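Worksheet for the structure shown next.
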Amino acid sequence: MHPSDQEGPAPRTQEASGGVEPGLLVAERRHRIVELLRAQGKVTVEALAARFATSAVTIRTDLAALEAGGALERTHGGALLRQDNDDRPINVKRTLHHAEKVRIAKAAAALIQDGETVILDSGTTTAEIAKQIRRLEVQSINVITNALNIAALLTDIQADRLFLGADGLDPERGVMTPHLPEAQLNAKMIEISRQVIVVADSSKLMRRNISLIARVEQLHMIITDAGADPDVVAELRRRGVEVRLA
């Protein structure tokens with residue numbers, strides 16, 4: 001436990017009206033901070049200290065660690081949910097030079113042939129290409145992307161299998177990663193895949209991280225090594241997941 005976790009609880013404030021959650025482990029508290037950021041868009045040190053019944057010093061340490069992991073941007077007295085691009089929100093950028101972007105996207109999509117695999121980078125112009133891809137008269141096309149907004153535009157494109165890596169896998173919590181944007185993109189991948197297979201060595205079992213990708217109930221199979229804890233394997237199977245030991 002961090003030394004500052006032993007300090008007395010901070011006074012409650014109006015911002016902490018969502019309920020007090022004392023006694024959480026460090027990883028659990030940081031995971032809840034990220035969840036609050038997703039819901040609210042911003043948090044304050046004062047409100048978090050009150051909510052988790054810990055000191056402001058501890059909360060600042062949490063925010064620093066989460067910022068280093070790419071989950072948030074620290075501000076004076078709190079933090080904001082991190083924007084992936086520049087300081088203009090994507091819904092604003094989408095409206096800039098829209099007609100030009102559509103024309104460019106049509107010209108780009110016209111180059112795509114049936115059966116090809118293409119990679120779409122992040123951005124509002126490439127998002128317009130994704131929209132054009134939906135209109136192409138092709139039987140088969142594979143699209144690889146690192147952008148959440150583009151993955152969302154192509155969610156009706158189905159994959160047979162998703163092989164999903166994991167930084168942490170807990171039967172109670174699910175599959176986790178330390179990176180929030182990665183978790184969001186992985187969740188979209190799960191949505192468009194008929195079968196979800198987690199591939200993780202046994203050191204990842206019972207390890208927790210701050211960003212949840214999916215609950216165990218959303219998985220079809222886990223492939224791990226023979227060093228996996230038998231009790232963990234049994235619990236995963238009890239929850240309906242096929243576990244294979246390699």
TODO: Looking for whichever is surrounded by 15 or more Cβ atoms within 10 Å (Cβ to Cβ) and either at pLDDT 75 or above or not polar (S, T, N, Q) (or both) here; the options are L96, L136, L148. Which one fits?
DONE: L148
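The rows are residues; the columns are (1) among the β-branched types (V, I, T); (2) touching a residue at least 40 places away in the same chain (Cβ under 8 Å); (3) at positive phi.
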site: T117; (1), (2), (3): yes, no, no
site: E128; (1), (2), (3): no, no, no
site: I133; (1), (2), (3): yes, no, no
site: V143; (1), (2), (3): yes, no, no
site: L148; (1), (2), (3): no, yes, no
site: Q158; (1), (2), (3): no, no, no
site: G165; (1), (2), (3): no, no, no
Open item on the list: Can you report the number of residues in segment 187-210 which are at pLDDT 85 or above and among the polar types (S, T, N, Q)?
Closed with: 3
Open item on the list: Here are the criteria: (1) of a type outside the set (G, A, S); (2) surrounded by 13 or more Cβ atoms within 10 Å (Cβ to Cβ); (3) over 22 Å from L148 (Cα atoms); (4) modelled with pLDDT under 75. Tell me which single one R82 does not satisfy.
Closed with: (3)
Open item on the list: Quick check on segment 5-27. Is at least one of its residues at pLDDT below 85, among the β-branched types (V, I, T) and outside the structural domain of L169 (by TED's automatic domain parsing)?
Closed with: yes
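Results for (1) crowded, with 20+ Cβ neighbours inside 10 Å; (2) more than 17 Å from the chain's Cα centre (by Cα), shown as yes or no for each residue.
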{"site": "A159", "(1), (2)": "no, yes"}
{"site": "L169", "(1), (2)": "yes, no"}
{"site": "L180", "(1), (2)": "yes, no"}
{"site": "E191", "(1), (2)": "no, no"}
{"site": "I213", "(1), (2)": "yes, no"}
{"site": "M221", "(1), (2)": "no, yes"}
{"site": "A226", "(1), (2)": "no, yes"}
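The values are calculated or read from the model by the stated rules, or taken from the named source; none is laboratory data. All figures in this text were calculated on a predicted structure; none of them were measured in a lab. Ideal geometry is used to build each Cβ from the backbone, glycine not excepted, and the neighbour counts take in all protein chains shown.
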